[in-house]
C-alpha cells in the first residue's frame, strides 16, 4: 500500500499552534486495553513438568490406540489372488496384448481360493489394479460431471477429450477417458461343494453419488462405439444412477495401486473352504504391465487389513515415552531454576571472570 | 550554535529614514494616552507616512556571493498584475482548483490497475495466471487461477477508491471556498477554483490564503503582514511578510495597478522565492519575505492585498505534498536473500518433476498408446493423431512450466501483502500508544514510513542532535555578566507574584507570559542605583536585550479582565528568552512596528525609533540595530556570538571588562549555557549620516545587494564598548539521562552531533550522563590535516592500549568499567579534514572503539557524513534523531530517521520516518515497539516461508505417485484458498499482536534489545531449520495417510481432503505453539481459521459438479481419517516441540529467562544487577544548577 495513504487518517497534526484546544486534546490516544496492547492473555511456558506430562500423556494415549488398531487389523481376513498372468492361455503368453484384443478367444478363467481363516459375512469382493494411474492428470480431468447429472446437458462434453464425441460428431454419454476405461472383468463364486455364492452388487457405490451425481434420467448414449474400446460397455437401457460399477469406477483412486468394490457376499466362510472363482478376464492391463488382483476381505471398525496405523501409533507413543524419560533424566542431571535472572547473559558474563 | 542554526535569524526590518529622527518625537506620555488598541497605536505615527525602504531578505543574504542575476525569460513566469487574461494568454498557468484526488470515474480502472501492477508480487501473480491460460498448461481452472490476484486487486482497488472519494470530497470543499478578488474595480467574492494567476486578491484577518500571492499592500502603513504558517511547516509562531513600498499606497480598486512580475517557475522550496517586479518603470526585486503562500493564515493584520503568482497545483504547498520517504527494512533485504533460495528450490522441484517425466515417458513410451489412463492418440476423428502429446522433449518443457504453476506458492508472494497489513497494524498500535504521546505539545507518535517498523528493533547506533532533541529548546535566561560583574544568582530567588514585573496600562495589568527568575542584586542595582556607572551599563544591557531583536509582542486576554499577558512571538527562541528576561528586569517591550518600538523602561513608557537593522547572517554571526533615542542620540546595539563579538570590541577602553566577561563566558558555557555577547556604541551625527547614505545606497543597489549590506554592517559594527554577556539555559528534556543510560545498557552507541561549542557540548554530555567522570576523553581539535592525522594516530594508540587490557571493560553492558571506557570528542573543523579522505578509516577505528562520541560544531552535511561513515563500514543499523532543519540530511542518511516535532518547525519531521514529541520516547519506541515489531516480523517471515513450502512439499510428494503428471489431490480451490483464507489471518494477527515480553520487562532489562541487534530471530540458520521442519512435517502429512490408505478403495478427493485439513491444522498448530500470548483475538483467529477451513472444505464438497462430491462426509465417517489426522499432528510436531522444549530449558535465551521471570515472579530479584549511577555526573549537574 502506498505509504502516504494508509495512515493519513490517523496521522496527528503535531505541533499545532494555539487555539482549538479541544481538537488538540482529542489527539490523545484513547485508552483501551486493546490499543495499549494489554489484553488479558495466557502465556504458556514449557516448564519441565509440562514437557514431561505432554510426552507422557501422548505416550499413554497412543500406545493403547496402537494396540487396538493392530488387533483390529489382525482380525481382518484377506484373500488376495493375482490372476492376470495365470489367466492367459499358455500359448499366448508371448503376446498378451494380442490375446486380450482378440474377441474370439474366450476370456473365461477359473481360480481356486482357499480360505485361510473363518470369515464372517459380509465378505467384500474387491478388484485391485496395480500401476494403473487413475490419478494421471490427463485421466482425472477427462470427464464432465454436468453431463452425468442432467439429461439435458448431454451435449456438454467439454473436458472429455479425447473421448468426447463419436467419429460422426455425436456426443458420448458418459464421455471422457474415465468412463471409457470402465473395468469389465467379472467374477462369480462357487463354494467347494458347488453351491453358488451370490455376489450382491447393490449399494456398492456411494449413496450420495447415486442420488446427486449420476442422474436417474440419464442413459448411456454412443458409449464405447469408437475405434478403440477402453473397457466395459454399458446397457443403454439402464439409467446411470443404477450403473453402480460405473459409479464406483468413476470415483477415481488416489494412488496408482487401488482397490475398488466389486460386490458383497453375504455368506460366512469357514477355514480351509475352497472357493472356485469363474472370472471373465476382459480388462486390458497387459498394454502397460498392470497387475490385476481379486481380493476377498472382511472388514472391521477400522477398515481393511493394514497394520500401519497400529505400528505408527505404537512407535510414536514409544518415542514420546522415551523423550519424556530423556527429558526427566537430563533435567535431573542439569537442573535449572525456572525464572532465575542469573541465567540472563549479562548477569552470567561478569560472573565468569 | 551559531554555525548550525540562525540564532538571531532576522527578517529585514525597515529603518525609518534619517529625517525622522530630527522630527519631534511624540512623548511617551502621548503614546501612553492613546494606548489601548493596536489600531490606535498605529494612528499616532507621525504625520506623513514614512517612505519605507525595504532591504534584503534571507534569500538574498543566502545568495550573497552570487550577484543578483536576472531571471532569464525562458525560466521565468511573467505575471501581469491585475491582468489575468493577459497573464494567461500565452502561458497555460494552472488554475487554482486543486485535485489531490488521483482518479476520475473514467480513469479509475486503468490507472489503479497500472499503479497496482507496479508491485513485483502482482506481476508474478499475473505471469502465473497468464501461463495458466495456455491450454497446454491449464493446471487450474480459469476461475481458480485468477481468483487470488483478482481478490487482492479488488480489495486494494476498493481501498484506493474509498480514499480517493474522500480526497474528492475535500477537494470539492476546498475548491468552493471563496476569496475577495478584484473584479471590475471592486473586490468581490469568487470561488477559489476560479482564481487565476495575475488577479488581485484581498485577504482579511484570520483568513486562509487561496494561492501564493505577492504582497502589494496591507492594513499596516509600513506594509507588514503577519502570517501563521502552521499548515505549511507546522510552526506556530507568527512570521512577518512585507509589501513593497512601491505598491504599498496604491489602492488597486480605485487607481488600478499594472505591472509585471517576473518570477521563477514553480518549485517546492517553501523558504525561497526569487522574483522582480516592474512597476512604474522601476524594477523592484522580490524575495521570500514578499510572498505569502497558500495555506497560511493572515494574523494580526486586518487585511492584505496581493497578486496571485502561483495557483492550484503550482503553489508551493501543493508541490510539497508528496509522499513519505521510502526505505527498505533490513529484515526485508535479508528476506529477499531467502526468497532467492526458495526460488532456487522451486526450480529444483520443477526440474525434478520435468526430468522424472522425461524418464517415465521414455520408459513407458511404447505403452502410452493403449494404456487407458494415458491414451496418447485421438481416434474420434479417424486421423489417429496424437492427442495432447507433443513428444518427450516438449512434454518435459510443458511439465516444467506446469510445475511452476502448481508450485507457485513456494514463493510467498502473499507475504508481501501480509507484511504491509502487519506493518499497518503495528503502526496503528505505535500511534495509539499513550506512552508515546507528548503531553506538552499534544502530539502523538507518527509513522511516516510504513515499511521499516521492524528496523526499530535492530538499532546499534543512535545519532542524536542536541538542541531541541536532548534539550527542550526552551531557552531560559539564567545569568548575565554586565560590565565584568557576574550576576548569576537568579536561581536563588523564588519567583512569586511580587517578583513578576508588570506594566500598568490604564486599569489593566500587562504581564509577560513567561516568568523569569531574577537576580535580586541586579534588580536592586537597576531600581536604586541607575545613575551609577554600573547601573547605566546594566540598563543599557537590558535595553539592548529588549531592542536588539525581531520579537513581536502580542497582547493576549486572560480570564481576568484586569490582566493581560504579553506573549513575545519570534522565530528565535534565544531572542524570546532575552526579551522575557529584559521584561523581568523592568524593560518591557510593549510594541514593535517596523519603524519604532515602545519599551516600558521601569514604569516609564518610551518610544524609540529603529533607524536601521542589520540582520543576522552566518558569516558575521551577529546582528545590530540602530536606535534613535528620544533625546536625539543615536546608538547602535550589537549582539552576537562571542567569537565574532570580541573582534569588534574596542579593546583598549575596557580591557578589564572584556577579560572578566571572557572568563564568565567560559564558566557559562562550561555549565552548558548558550552565550551571547552584547555591545553598543553611540554614533555621532556625521557617522550616522555616512552610514545612512551608504546603507541607502546598498539597499537600493540592484546587484549584489546582500553583500553590500553586509559590508555596511561590518563597517558600522566596530569599536563597540562591551555591555556584557548573557547565559541562556537550554534545559534538558525530561528523562534524557535515563534514556541515554538505557540505550547504552542495550548496547546501543549514542553519538551526539551538535553545532554547539565544545565546552557546551561536553557539559551537556555530562548532564545527560553521556559522559562520566571515569571516562578517558580523547579530544581531537585540529586545524590541519597533519595534526588531525597525528591526533588520530595517538587516539588509536590509546584505544589499542586499552583493548590489550583484560577484556572486562569492553564487555560489561553498563559500560562503566572503571576508567577503561573512552569518549571521543571531535569538532567540525577536524572532521573537515577527516571525512571523505583517507583518514576516515582511522576515525572509524577510533570512534567504534570509544563508548561515546561527541561531535561539536558540525555542519548539517557533516552530520550526514558521520552517519554515512558508519553505514559504509559496518552492517549495523543506524538511527538519527533530530528536530531541526539542520538534521534533515542526517535523518535521511540514517537507516531510521526520527524527527522530534518540537520548537523548530517541521522540516525534520517531514524528512523523518517516524516523528515523536520527546527524546525519551526513543526508549519505549526501540525497546518495546521496536523489539516487538522485529520479533513479530521476523517470526512472521519465517512462518510464511514454512507455511507455503510445507504445502508445496505435500503437493510434490503426491506428484511422485501420479506418474509425475502434476495432479493434485487437494482441490484447486483449496490450493487457491490456502494462503488466502485457510492460513492468512492468524499470521497477520500474530504479526500485529503477539508479544514475547511485556512492556515492563523490556524496559526493565534494556539488554533484551540485543536479540534484534544480533539478528537472533531471523537468520540463515533459522531459515534452514524451518525448512527442514517443513520438510519433515510435509513427510508426516503425506506419508501417514499414504501408508494408511495404501491398497484401499480410497478416492483422490477423500484423501485430498485429509491432506488439506492436515496441512491447515498443522500450520495453525505450529503457529499456536510459537504464540507467546494467547488472548482472545489469537484464539479466535487460530481456531477460527481451522473452523473456516472445515467449512470451506465442506462447501467445496457439497457442490455436485465437482468430482469430490460428498467425499469429506464419507471420509470423516471413518476412524482411519481421525487416527491419521491425530497421528500426523503429533508426529509432525514432535521434532519441533522436542527442540523447543530442550533448547528453552537447557539453553535458555535471555528472552526465555525474562519470560519465565515475568510469569513466575521474581524469586531472585535481589540478584539483578542494578546499574550504578555515576555519582560524578550527579555532582556535575548540581554545579550547573
*Taking only C-alpha pairs under 8 Å that are 6+ residues apart, what is the relative contact order of chain B in percent?*
13 percent
*Nearest 10 degrees, 0 to 90: helix B:840-849 Cα axis against chain B principal axis*: 80 degrees
*What length, rounded to one decimal in nm, is gained on full extension from residue B:142 through to residue B:177, with 0.36 nm per residue of separation minus their alpha-carbon distance?*
7.5 nm
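Throw me the Rg/Rh for the stretch A:71-223, computed over C-alpha atoms with Kirkwood Rh, two decimals.
Working: Rg = 19.6 Å, Rh = 19.1 Å.
Answer for the stretch A:71-223: 1.03.
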*asked:* Could you tell me the calculated FRET efficiency between residue B:282 and residue B:504, based on Cβ-Cβ distance and R0 = 41 angstrom, to the nearest 0.05?
replied: 0.30
*Mind checking the angle between helix B:1080-1101 and chain B's longest principal axis? C-alpha axes, 0 to 90 degrees, to the nearest 10.*
40 degrees
*Compactness ratio of the stretch B:929-1170: Cα Rg over 2.2 N^0.38 Å, N = residue count?*
1.15
*Sites residue B:439 and residue B:667 - FRET efficiency at Förster radius 51 Å, r taken between beta-carbons, to 0.05*: 0.90
*List the extent of the Cα atoms of the stretch B:473-730 along each of their three principal axes, largest first, rounded to whole Å.*
53, 39, 36
*So how many Å³ per residue does the convex hull of the Cα atoms of the protein assembly as shown work out to?*
227 Å³
*Could you list log10 I(q)/I(0) for chain B at q = 0.04, 0.05, 0.07 Å⁻¹, which the Debye formula gives when each Cα is one point scatterer?*
-0.31, -0.47, -0.83
*Specify the inter-centroid distance of the stretch A:223-289 and the stretch B:421-444, based on alpha-carbon positions, in whole Å.*
69 Å
*For residue B:1025 and residue B:836, calculate 0.36 nm times their separation in residues minus their Cα-Cα distance, and state this gained length in nm to one decimal.*
63.8 nm
*Packing-based exposure ordering (other Cβ within 10 Å, fewest first) of B:760, B:1049*: B:1049, B:760
*Please report how far the C-alpha centroid of the stretch A:78-94 lies from that of the stretch B:622-681, rounded to the nearest whole angstrom.*
119 Å
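Nearest 5 percent is fine: what portion of the DSSP beta bridges confined to chain B is antiparallel? Mind showing how you got there, number by number?
On the way: 106 of 140 bridges.
So the antiparallel bridges amount to about 75 percent of the total.
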*In degrees between 0 and 90, to the nearest 10, how far off the longest principal axis of chain A does helix A:48-75 point, with axes built from Cα atoms?*
10 degrees
*Arrange the following residues from fewest to most other Cβ atoms within 10 Å of their Cβ: B:170, B:998.*
B:170, B:998
*Taking the Cα-to-Cβ direction at residue B:1000 and at residue B:562 and moving 7 Å from each Cα, how far apart do the two end points lie in nm?*
5.2 nm
*Would you mind checking the stretch B:593-626 for residues with the amide N under 11 Å from a putative spin-label position 7 Å along Cα→C-beta of residue B:719?*
none
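Where both residues lie in the protein assembly as shown, what percent of DSSP beta bridges are antiparallel, nearest 5?
Details: 148 of 182 bridges.
If we restrict to bridges inside the protein assembly as shown, about 80 percent are antiparallel.
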*Looking at the stretch B:473-730, send over the antiparallel percent of its DSSP beta bridges, to the nearest 5.*
90 percent
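Between residue A:315 and residue A:235, what FRET efficiency follows from the Cβ-Cβ distance if R0 is 56 Å, with the result rounded to 0.05? If you can, show how the numbers build up before the last one.
Values: r = 50 Å, r/R0 = 0.90.
Using R0 = 56 Å, I get an efficiency of 0.65.
What is the ratio of the Cα radius of gyration of chain A to 2.2 N^0.38 Å, where N is its residue count, to two decimals?
On the way: Rg = 33.3 Å, N = 353, 2.2 N^0.38 = 20.4 Å.
Rg over 2.2 N^0.38 Å, computed on Cα atoms: 1.63.
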*Starting with the fewest neighbours, write out B:244, B:377, B:801 ranked by other beta-carbon atoms found within 10 Å of each beta-carbon.*
B:801, B:377, B:244
*How much length is gained on full extension from residue B:873 to residue B:362, taking 0.36 nm per residue of separation minus their Cα-Cα distance?*
178.3 nm
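The numbers here are math on the coordinates, done by the rules we state, and not lab data. Please read these numbers as outputs of a predicted model, since none were measured by experiment. No Cβ is skipped: glycine too gets one built from the backbone with ideal geometry, and neighbour counts run over all protein chains shown.
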